[in-house]
4 protein chains.
Amino acid sequence: MTVRIAIIGAGIMGADHARILAQDVPGAVLQVVCDASQDRARAVADACSAADVSTDPLATISRDDVDAVLIASPDDTHAPLARAAIAAGKPVLCEKPLSQSPEDCLSVIEAETAHGQRLVQLGFMRRFDPSYREMKDALLRGLIGKPIMMHNFHRNVEALPNFTGKMAITNSAPHEFDVARFILDTDYRAISVFQPSAINTAKAGAPVFMVLETDGGQLVNIEINNNAAYGYDVRGELVGESGSVEINTPVHTRVNSAMTASERYAPDWRPRFAEAYRLQNIAFVRFVQTGIFPDIASDAWDGYCATVVAAAGVKALESGQRILISHIGKPKLYA
Amino acid sequence: MTVRIAIIGAGIMGADHARILAQDVPGAVLQVVCDASQDRARAVADACSAADVSTDPLATISRDDVDAVLIASPDDTHAPLARAAIAAGKPVLCEKPLSQSPEDCLSVIEAETAHGQRLVQLGFMRRFDPSYREMKDALLRGLIGKPIMMHNFHRNVEALPNFTGKMAITNSAPHEFDVARFILDTDYRAISVFQPSAINTAKAGAPVFMVLETDGGQLVNIEINNNAAYGYDVRGELVGESGSVEINTPVHTRVNSAMTASERYAPDWRPRFAEAYRLQNIAFVRFVQTGIFPDIASDAWDGYCATVVAAAGVKALESGQRILISHIGKPKLYA
Amino acid sequence: MTVRIAIIGAGIMGADHARILAQDVPGAVLQVVCDASQDRARAVADACSAADVSTDPLATISRDDVDAVLIASPDDTHAPLARAAIAAGKPVLCEKPLSQSPEDCLSVIEAETAHGQRLVQLGFMRRFDPSYREMKDALLRGLIGKPIMMHNFHRNVEALPNFTGKMAITNSAPHEFDVARFILDTDYRAISVFQPSAINTAKAGAPVFMVLETDGGQLVNIEINNNAAYGYDVRGELVGESGSVEINTPVHTRVNSAMTASERYAPDWRPRFAEAYRLQNIAFVRFVQTGIFPDIASDAWDGYCATVVAAAGVKALESGQRILISHIGKPKLYA
Amino acid sequence: MTVRIAIIGAGIMGADHARILAQDVPGAVLQVVCDASQDRARAVADACSAADVSTDPLATISRDDVDAVLIASPDDTHAPLARAAIAAGKPVLCEKPLSQSPEDCLSVIEAETAHGQRLVQLGFMRRFDPSYREMKDALLRGLIGKPIMMHNFHRNVEALPNFTGKMAITNSAPHEFDVARFILDTDYRAISVFQPSAINTAKAGAPVFMVLETDGGQLVNIEINNNAAYGYDVRGELVGESGSVEINTPVHTRVNSAMTASERYAPDWRPRFAEAYRLQNIAFVRFVQTGIFPDIASDAWDGYCATVVAAAGVKALESGQRILISHIGKPKLYA
């Protein structure tokens, strides 16, 4: 069964998703590309042979020839558009965050609960990354014993000029919050945030270091360093009572030259997580085809949880205090 | 445009190709699965939602609802079936070898020449492997200077019981012959073959070590070790006058346990070259759609060249002598 | 000039130092081995061809045929014995800690100050480890820009049964406190301590995670994990504004077997830091010969600083609070 | 017991040995530095606090205050000086080669045989390198099964202007011949030599690739590439029936910068094999002290064997033929 997909938002992520669906995902038809800019929508539609373009997201979502929706528009539109898709009964692959407001996330959860089944797959694509999957698998197979700590490092080459430490917590860290929570199968209880003052911490992309305590009793440590300069580099290590497992960055060659052996870093997250995006989007199309929510994918509840942690992280950053994290009980739909 | 493909041969490779086309290649429709065993054809067809099955390859090839053919049947059928596809004017993705007989390879080349355009894409999938592509790219970008040597290692966990040193040369080594020739953009001039006598060289899977000299003046050294026991492991290093480039085996995690840090090997070639097969098959579908032969893919001429080298290698093995390699001039069609 | 050394303490560390001096350090003569147990002293003396044994440390220190003293006796004897050596005007290589009491450390500093020159070289041997030296060198050469964070991991195979989280801070962590302080050339301002509750944190060897803030504005993060089980593993990464530098664990071979590529961990700190101990002890002998305190070695002031941080760390552990670190001004002698 | 050593030859190797003995080898006293150039001898003697200098090697060897001799003079003096030391009944650490002439090597063997015990320790220092020792240990412990192939790579940054392919075989390759023979505990039966013609093989430092067949039935493959440009790089892999073991190059740090992770190569053999030289020279001093020839060191017989292989290699290079290797039976003294 062919799935006709509308992409809302034709920026970097939207264009990427359009390309992935067109080139790498059997069973997907790019039906509509919708963007506030008709030109931008048209450019992406042409590049990926989409059938139609639009500038009206709500009308797009409700079209009869659209089976499913991929939301890649600005962050503050994610929740309202997700609710619109739920209202139309259509599955959604929604880029993270679901919303930066916990309340707004809850509104999506309420809409889904009312609808009676999960329709929103959230774009925490790292769950589909082969490295993280092998890490979780190593844990489940008992290779490292009971988990006690997880170390996470997220490094970008360069942050946008207006990027702040707070944004590191609300925009970058949620990927770490989600994937550690996924691997450890637990929620967070408290968060402490530190910043090196060696560089102006108000400065764009100032690094943030977080220590999270989980309900399961683990420590989850996270460095977000969006001006790391040397390359895009995501690392992780899960430490257990009898061993540890580390994710490798896949690198295809090693060059010996000029007195060094060297391996290249990716310039950004897209080559590093290309396989994760591909597998995530294939899983989404299968979800639309079968109605069965993908086992390992994030849902609206996961999106809410990540946002709650990020909000607590901002408080911890601003207060310099360890902040307790609290959220509502998990609705039955997500059990 | 959707491409309707018939797969001839539903053994290991055929089943793999069917799965890849069904799961990973947009634009491909698995139209027919053809195998001497109707049951085997049916099993693969069911697993991959193919439209129809058959036990008659020639009839399958000529069906109106078949746009292109993927040949994964026993080696000695490759050339005749490729000729049949050419006769029907249909593009073919043919598993290696084109034939183990140079003459038989030439018959396909003659058929293509008569037809006036290349229809046969040969399944030397390593050309699509990201590691080899980066190696070639490093060479072309001048990172290592003029190439002078290439070291290649092919290790399997375990050979089939009836596997011989000769078969190592005719069945396994052609992948190395082709990919080194592709990267160096040259042909071979001579081959010498050595075997360690520490193990019975008549024994199944006895290792073979080859030194090839190229027209470009490089040495290409190849170890084929099909009973390496420890894992499936393909390595390669290209040495130039100012540096060298090595291919890495992509490994997703590293486990620290029991006094060691360890990374796992793949059990066979399929996980190691999964991405190469996916990209090769996507390129084939695009070839069918556009009529433009994929830039980097092997063609019938490449298949002939690999077979000529293998035949010389067998002579070198049997005689203990350095054997000169000669082949016909390259027909214009392949220039 | 031959240097006649007395070793005080013939336990594990004392026996190691005796062996290193005898086998690896030209110019050193093992004159006396002194231990509360005459048998233990005798065993070490015989193994390393020492001239004499004793059970009286103070008498040993004051012997005319002893030029210098190596203190490897129980921790609480370090400071008094160091003071005795200073009183005798003899150079001392003193195992860490100088003392677990800041006041006791200050008493040594006062004695040295009164004496007018530094005599106590403290056994923070990591400063001599080639990896840490290359790390510092990379920083000084500007390879990574201004430093902003340092990540440190200390993992033992198994802690002694009576080992506590508090002891992790006072016994293991000082190596990390000192080496990070050495590399960053700064003091500490505050410390926060976390423990995973997934395992009983009162339990022997319960892991500790610390975040230290330096006067230079860096974050220094330290995991002490003395029951890591999988091997002895010390890691470190220094992150700067334009790059980072990581220390490698030297491993001599890689074994491919049973579907894995694996590298072995050391069972404890001695093989890992063998070269550091050798270079440290060579530096000490040269110090005795020349009277010039080794450039990179730790002195009594460094020992005091490490102890002050450890004491603050214990308070942070017990209170769950971020603890500010304060110490006296640096005496001129150590400027 | 202190050993008084005379170093014959104060060139690069002689100066290195003087420094190693002075700084790293307890029990050694540098008694005389002897060189044709008095100034060069004096410079080394001063740098390493040697007692005396000389320009007369034979007189130096026979001095009463010289217990042992280290020969680091030009290659063609090695054998005559070794014979002189044997005549004086003094142990010798002789730099490789013993001689480039098999006959000359035999003259030393005859002298030792007449003397009745081994006095010549040959400077194939790789046997003391921790990586090769671990490789041999892995073999002996059965980690890789029966050995069948060994791959060896020797790469220098840049060859001297007058360096030829023939010299690669006679000057560089003997290290490989010896260490592979040591690890495999076998002799060689035949050698084939190849050169890439992509570069002028008459040119300085033209690379050489050799395939050796051992009496034990293994293949030993050796690349000598003295103009590799990118760094000093020695690699080795021993392949057995159930696994393989590779030597690692010890590297102390990894630097992340400018979109790459990189590790540095040594500029030449001295940092790479510093530990091997140190352990070799310590073993030599112990040999002098105890009269017991070091277990793992090369002796005159090993020197003869390496020279015989090199001579056959030159014939193979010049003739383009596979050359059989023959040598005399091993004298009892070396059994």
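Since every read-out is calculated from the coordinates, none of them should be taken as a lab result. Please read these numbers as outputs of a predicted model, since none were measured by experiment. Glycine gets a Cβ as well: all are built from the backbone with ideal geometry, and neighbour counts include every protein chain shown.
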ask   = In straight Cα distance, which lysines are under 16 Å from D:K136, not counting same-chain residues fewer than 8 positions off?
value = D:K146
task = Check the axis relating chain C to chain B and name the residue of C whose C-beta is nearest, distance in whole Å.
result = C:S262, 2
query = What FRET efficiency, computed as 1/(1 + (r/R0)^6) with R0 = 22 Å and r the Cβ-Cβ distance, is obtained for A:I328 and A:A88, rounded to the nearest 0.05?
reply = 0.25
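Taking only C-alpha pairs under 8 Å that are 6+ residues apart, what is the relative contact order of the stretch A:113-251 in percent? It would help to have the intermediate numbers written out before the result.
Working: 264 pairs, mean separation 49.7, N = 139.
This gives 36 percent for the stretch A:113-251.
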ask   = What ³J(HN,Hα) values, in whole Hz, does the Karplus curve 6.51 cos²θ - 1.76 cosθ + 1.60 give for the stretch C:315-326 when θ = phi - 60°, with x put for Gly and Pro?
value = 4, 5, 4, 6, 8, x, 9, 6, 10, 6, 10, 9
ask   = If you average the sequence gap of Cα pairs under 8 Å that are 6 or more apart and divide by the length of chain A, what percent do you get for the contact order?
value = 20
request  = Quick one: which residues, 5 or more positions from B:K146 or on another chain, have an amide H under 5 Å from its amide H? H modelled 1.01 Å from N in the peptide plane, none for Pro or chain starts.
outcome  = B:E241, B:S242
task = Only helical DSSP H runs with n ≥ 4 go in: add -39500 (n - 2.57) per run for the protein assembly as shown, normalise by residue count and round the 222 nm mean residue ellipticity to 500 deg cm²/dmol.
result = -11000 deg cm²/dmol
query = If you put +1 on each Lys and Arg Cβ and -1 on each Asp and Glu Cβ, how big is the dipole of the stretch B:20-168 around its Cα centre, in Debye rounded to 20?
reply = 780
message = Less than 18 Å from a label point 7 Å out along the Cα-to-Cβ axis of D:M259: which backbone N atoms in the stretch A:250-284 qualify, by residue?
response = A:250-258, A:260-274
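Considering every residue in D:221-227, what mean count of other chain Cβ atoms within 10 Å of its Cβ is obtained?
3
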query = Roughly what angle does helix B:173-184 make with the longest principal axis of chain B, taking Cα atoms, 0 to 90 degrees, to the nearest 10?
reply = 80
ask   = In nanometres, what is the gap between the two model label sites at C:I292 and A:Q289, each 7 Å from Cα along Cα-to-Cβ?
value = 7.5
request  = May I ask for log10 I(q)/I(0) of the stretch B:185-335 at q = 0.14, 0.15, 0.18 Å⁻¹, from a Debye sum over the Cα atoms as equal point scatterers with solvent left out?
outcome  = -1.01, -1.13, -1.35
query = Relative to the longest principal axis of chain B, what angle (0 to 90°, nearest 10) does the C-alpha long axis of helix B:12-24 take?
reply = 70
ask   = Between A:N200 and D:R270, how many nm apart are label points set 7 Å from Cα along the C-beta direction?
value = 4.8
task = Kindly give the distances from A:P331 to its copy-mates, label point to label point, with each label point 7 Å from Cα along Cα→Cβ, as nm values to one decimal ordered shortest first.
result = 6.6, 6.9, 9.3
request  = First measure r as the distance between the Cβ atoms of A:T2 and B:D76, then evaluate 1/(1 + (r/R0)^6) with R0 = 56 Å and state the FRET efficiency to the nearest 0.05.
outcome  = 0.90
message = Please rank C:L119, A:L58, fewest neighbouring Cβ atoms within 10 Å first, as an exposure proxy.
response = A:L58, C:L119
task = Quick one: what are the phi-derived ³J(HN,Hα) couplings along the stretch A:205-217, Karplus 6.51/-1.76/1.60 with θ = phi - 60°, whole Hz, x for glycine and proline?
result = x, 4, x, 10, 10, 10, 10, 10, 10, 9, 4, x, x
ask   = If eta is 0.890 mPa s and T is 25 °C, what Stokes-Einstein diffusion coefficient results for the protein assembly as shown, Kirkwood Rh from Cα pairs, in µm²/s?
value = 71
query = In nanometres, what is the gap between the two model label sites at A:A43 and D:D185, each 7 Å from Cα along Cα-to-Cβ?
reply = 7.0
task = Based on alpha-carbon positions alone, could you give the equivalent ellipsoid semi-axes of the stretch D:141-197 from the gyration tensor, as √(5λ), descending, whole Å?
result = 27, 13, 11
key: Calculated FRET value between D:E110 and C:Q23, using beta carbons and R₀ = 41 Å, to 0.05   = 0.70
request  = Please compute P(r) over all alpha-carbon pairs of chain A, binned at 10 Å starting from zero, and give each bin as a whole-number percent.
outcome  = 6, 25, 33, 26, 9, 1, 0
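Considering every pair of different Cα atoms, what Kirkwood radius, in Å, is found for the stretch D:22-176? Let's see the in-between values first.
Working: mean 1/r = 0.0554 Å⁻¹.
Every distinct Cα pair counted, the radius reaches 18.1 Å.
With a sphere of radius 12 Å drawn around the Cβ of D:R42, what net charge do the other residues whose Cβ falls strictly inside it have (Lys, Arg +1; Asp, Glu -1)? Write down the numbers at each step before the final one.
Details: positive: D:R40; negative: D:D35, D:D39, D:D46, D:D52.
Residues close to D:R42 contribute a combined charge of -3.
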query = How far apart are the D:S319 label points across copies, placing each 7 Å from Cα toward Cβ, in nm, shortest first?
reply = 1.8, 8.5, 8.7
task = Can you tell me the 0 to 90 degree angle between the C-alpha axis of helix B:274-290 and the longest principal axis of chain B, rounded to 10?
result = 40
note = Shortest first and in nm, the label-point separations between B:D76 and its counterparts in the other identical copies (7 Å out along Cα→Cβ) come to 6.5, 7.4, 8.8
inquiry  = Per residue of the stretch D:241-253, what does 6.51 cos²θ - 1.76 cosθ + 1.60 with θ = phi - 60° give for ³J(HN,Hα)? Whole Hz please, x for Gly and Pro, Karplus curve as stated.
reply    = 5, 10, x, 9, 10, 10, 7, 9, 8, x, 10, 8, 9
task = Could you bin all the Cα-Cα distances of the stretch B:191-268 into 5 Å bins starting at 0 and give me the percent of pairs in each, rounded to whole numbers?
result = 3, 11, 15, 17, 17, 15, 13, 6, 2, 0
query = By a straight-distance test (C-alpha under 14 Å), which aspartates and glutamates pair with B:K90 as possible cross-link partners, with residues fewer than eight away in the same chain excluded?
reply = B:D64, B:D65, B:D67, B:E112
query = Do you know the relative contact order of the stretch C:1-61, to the nearest whole percent, from alpha carbon pairs under 8 angstrom that are 6+ apart?
reply = 34
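Need one value for A:143-150: mean number of C-beta atoms belonging to other chains within 10 Å of its residues' C-beta atoms. Present the calculation step by step, with values, prior to reporting the outcome.
Values: counts 6, 5, 4, 3, 2, 11, 9, 1.
Counting other chains' Cβ atoms within 10 Å and averaging over A:143-150 gives 5.
Checking the a/c ratio against 1.5 first, then a/b against b/c, what shape does the Cα gyration tensor give for the stretch B:60-128? Mind dumping the intermediate values first?
Working: a/c = 1.44, a/b = 1.19, b/c = 1.22.
Rounded shape, in that the Cα axes give a/c under 1.5.
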